[in-house]
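> Here you go, one structure.
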Amino acid sequence: MHTYEKENLIRLRTGLAECTVLLKKDGRFPLTAPCKIAAYGNGVRHTQKGGTGSGEVNSRFFITVEQGLQNAGFTITTEKWLDAYDELRVQAKEQFVKDIRNEARKQHIRALLLGMGAVMPEPEYDLPLNGAGDTAIYVLSRTSGEGSDRKITSGDFLLTHTEQRDILALNHKYNNFMLVLNVGGPVDLSPVQNVKNILILSQLGVETGAVLADILLGKANPSGKLTATWAEEGNYPDIGNFGDINDTFYKEGIYVGYRWFDVAEREALYSFGFGLSYTEFAISDIHTAIDGRKVTVTAIITNTGKYPGKEILQVYLSCPQGKLDKPVRELTAFCKTAELTPMQSQRVAASFDLSDFASYDEKTASYILEKGNYVVLCGTGADHAVAAAALRLDQTITTRRVKPLLGNPGFTDWKPTIRIKTYDVPVLPVNAAAFTSETVSYEKINAIDEIIREMNGENLCLMNMGAFDPHGGLSGVIGNAGTNVAGAAGESTGAFKNIGIPPIIMADGPAGLRISAQCYRDKKGLHSFGPAIPATFLDFMPKLFRLFFGRNPKLPKGSVLQEQYCTAIPVGTAIAQSFNLEFAQTCGDVVGSEMDRFGVNLWLAPALNIHRSPLCGRNFEYYSEDPVISGLFAAAMARGVQSHPGRGVTLKHYAANNQETNRYVSNSHVSQRAMREIYLKGFQIAIRDSSPKAVMTSYNLLNGIHTSESRDLCTDILRSEFGFEGICMTDWVIRNLEGAKGSVYTIPDPAKVAAAGGDLFMPGSKADYEQLLKGFRAGAVSKQILQENATRVYRMAKELLHQQP
């Protein structure tokens, strides 16, 4: 293992336990020393370090729970059970792949389209629980990924019958028992609520199994909080729909996540912001102050328990109900303590700008703060937040005027009946004069550099297109279209290197840098070495492709093997559960350092879509159901990466990408208010706080128009309203993977993408280039817009390449 790998793992290790969430405890953990342990569950050996798809990272090694326990000195007494489960799982996997191939034949579509990201339900089993020792754990793992959504079935969102049976039996049999959840998102825990100790280990990258051993032994204390609500299957929002292959209606409007549970009178098993610790904390001496628009809450947090630990102050705002309905509360700010020893205290402070929580009024196309009392609540979780003060605004203020954009969803958002609460708290006057009213200007003059102005139409189309192989191939399908870095996802054109326009090299994420683990160089250039397609893709390829791409090749004579192992960091949800922005920035710094090492300019991450439904297959990549959490953590990751000169991030997927079912051509119907207050707000925060180098549009349509073809999104909102100055690219559009059987929408047109202000159509193909050129010649996109787009690509290439050390 190289020095850089060791250093990165050391930097991450100290923060990993902060990403875990302790849901239940009875005081029997942590253990005093390693011991005999009966370890059951699919996650002991088949531990998940992250999800599938773009989040897969080629690390040199990965520590499973089994390995982590053994390395820490535990003696595992359930080898026979684990061996027997392995045999059952192999059989189940073979049948699962066979079933998907058969279904694909019935539908006359590619098996890869059905199988990409598909989750194999865990099999039922009948194995004896006869492990020795006084301590037991059951590690329940779930995975999901790009291309498929999760299902409300046993072995996926629901526990299997045998998982329920054995978890409850072990909880009864052992005094020292912990249910460990190695998952990227919620599972329905309602059948096992009697379990005494429950830990969300999450998916923490390389050292997932080692972190569990640390927690069991008290070398680390879980200090994470939930960034998504965990509930019983039937209690999640059911106003809108989810997973339709054509049209998804977001009728619940702004009532997503905890906002829904606050008004729908549905119970959560574990609410947003919830999380326990081995120790206990008390909050005292809470003060609220307002200076102009800035609101600051301070409090003293004291460790009143027996173990060192960290706690989080969470601040929420309850806005007055006026002509616009408002959520009962919204997260506005948070602050995490340092590690406090028993009886140690720390005063912490969390601040927010009141104008950031103005509501969007569709009738006037403006953001308004309605007159009334804005109640500040704070605590260690949403359900434990108490009223601290009321901010009294005596007049309604318009903070921003914009254009009505993004079209009509075809319905009116659902509005709940809000029970208005009264609070006996100090009232602080708000000075209305501290607020300004801005009218956004959409008339922006875009510069065109002389080197671009001299290009003809054919060359401008090349500048607007990702670099492509004129002979075609599968490289784009598997996210491996780069030529300058082996295994990179793609790059901008290299056709103009001779006149000083270098290609921008892009690698996937978001759980670390995704490039080939090994490569070699010969006279023809740089090539990946080893299987060319990830195993999760290979299973569903035709036999000829499996034989060709899955083989282990021989190293050509005269070539030199190079290593490109990268560090798998925690999945996005886990990072956000830390409520520690400094740790998120460290994760970004680790990625940036490896971009330096391997010559990658743009990381195709962070991903910050909202957890609208717990069934979205890529939720593990995303941070939260809350846009403030999403925006702040994306910004922290970006700052970490971009602290390295010549390296940049790509915020994705912009926007309303909240399901994977038929992801290339599904249509999200969302109101303007919900888009602005929920689905776009995180992007706005991240752009404001970190100035990312790029934004990637999503595959889906929004109110009937592909997001990549929407000038409302890509120019008016992104550039005029949010002030974004980087490049805007598409997600990897693959023409031969257009959509599922029964799709009524088609993939985006490169000419319409360019006309919308999309600077790069990725990954690029000969057919895409010809389509763009055809559109240019037919007048679908003007030469000026192509020049403006190309200038942004040129300037970004210069900025990134000239900054490199």
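> What's the local net charge at I254, with K and R +1, D and E -1, over the other residues with C-beta under 14 Å away?
Charge balance near I254 sits at -1.
> Measure up K49/K557; K251/K294; K49/K93; K25/K225 against 24 Å on the Cα-Cα distance and list the ones that go over.
Check vs 24 Å cut-off fails for K49/K557; K251/K294.
> Let me have the 222 nm mean residue ellipticity of the chain computed from DSSP H runs of 4+ only, each contributing -39500 (n - 2.57), with the sum over all residues rounded to the nearest 500.
Only helices count here, giving -7500 deg cm²/dmol.
> In addition: How do 90-102, 384-396, 114-126, 245-257 rank on mean C-beta neighbours within 10 Å, highest first?
245-257, 114-126, 384-396, 90-102
> Starting from the Kirkwood Rh over alpha-carbon pairs, what translational D in µm² s⁻¹ does region 585-636 have by Stokes-Einstein at 37 °C and 0.692 mPa s?
270 µm²/s
> Please give the Cα centre distance for region 344-360 versus region 377-420, rounded to the nearest Å.
Distance between centres, Cα-based: 15 Å.
> Can I ask one more? Taking the DSSP beta bridges in the chain as the whole, what percent of them are antiparallel, to the nearest 5?
Roughly 60 percent of the DSSP beta bridges within the chain come out antiparallel.
> Where a ≥ b ≥ c are the square roots of the eigenvalues of the C-alpha gyration tensor, would you call region 1-88 rounded, which needs a/c under 1.5, or, failing that, prolate if a/b is larger than b/c, or oblate?
oblate
> Would you mind computing the Rg to Rh ratio of region 615-723 from its alpha-carbon coordinates, Kirkwood style for Rh?
Using Cα coordinates only, the ratio equals 0.95.
> Against the empirical 2.2 N^0.38 Å scaling, what ratio does the C-alpha Rg of region 358-489 come to?
The value comes to 1.84.
> In whole angstrom, note down how far apart the Cα centers of region 302-316 and region 680-734 are.
Measuring centre to centre over Cα atoms gives 38 Å.
> Answer rounded, prolate or oblate for region 263-367, using the Cα gyration tensor with square roots of eigenvalues a ≥ b ≥ c: rounded when a/c is under 1.5, else prolate when a/b is larger than b/c, else oblate.
Verdict is oblate for region 263-367.
> What does the highest-first list of 642-649, 459-466, 279-286, 13-20 look like by mean Cβ count within 10 Å?
459-466, 13-20, 642-649, 279-286
> If we sort 287-293, 761-767, 796-802, 417-423 on the protection proxy, mean other Cβ atoms within 10 Å, highest first, what's the order?
Order by mean packing, descending: 761-767, 796-802, 287-293, 417-423.
> Need one word for the chain: rounded, prolate or oblate. Basis is the Cα gyration tensor (sqrt eigenvalues a ≥ b ≥ c); a/c below 1.5 gives rounded, then a/b vs b/c decides.
Since a/c reaches 1.5 but b/c is at least a/b, the shape of the chain is classed as oblate.
> Right, next: Roughly how many Å² is the accessible area per residue of region 267-418, as a whole number, for a 1.4 Å probe?
Solvent-accessible surface per residue comes out at 41 Å².
> How far apart, in nm, are two points set 7 Å out from the Cα along the Cα-to-Cβ line at T304 and at I499?
7.1 nm
> Let me ask you something else. Could you let me know the centre-to-centre spacing of region 770-794 and region 174-210, using Cα atoms, in angstrom?
Going from one Cα centre to the other spans 52 Å.
> Can you send over the carbon and sulfur percentage of the accessible area for the chain, probe radius 1.4 Å, protein chains only?
Of the solvent-accessible surface of the chain, carbon and sulfur hold 49 percent.
The values are calculated or read from the model by the stated rules, or taken from the named source; none is laboratory data. Just so we're clear, the structure is a prediction, and the values are computed from it rather than from any experiment. We place every Cβ from the backbone using ideal geometry, glycine too, and count neighbours over all the protein chains shown. The accessibility values were calculated without ligands, DNA or RNA, using every heavy atom of the protein model including side chains. Shrake-Rupley method; radii C 1.70, N 1.55, O 1.52, S 1.80 Å.
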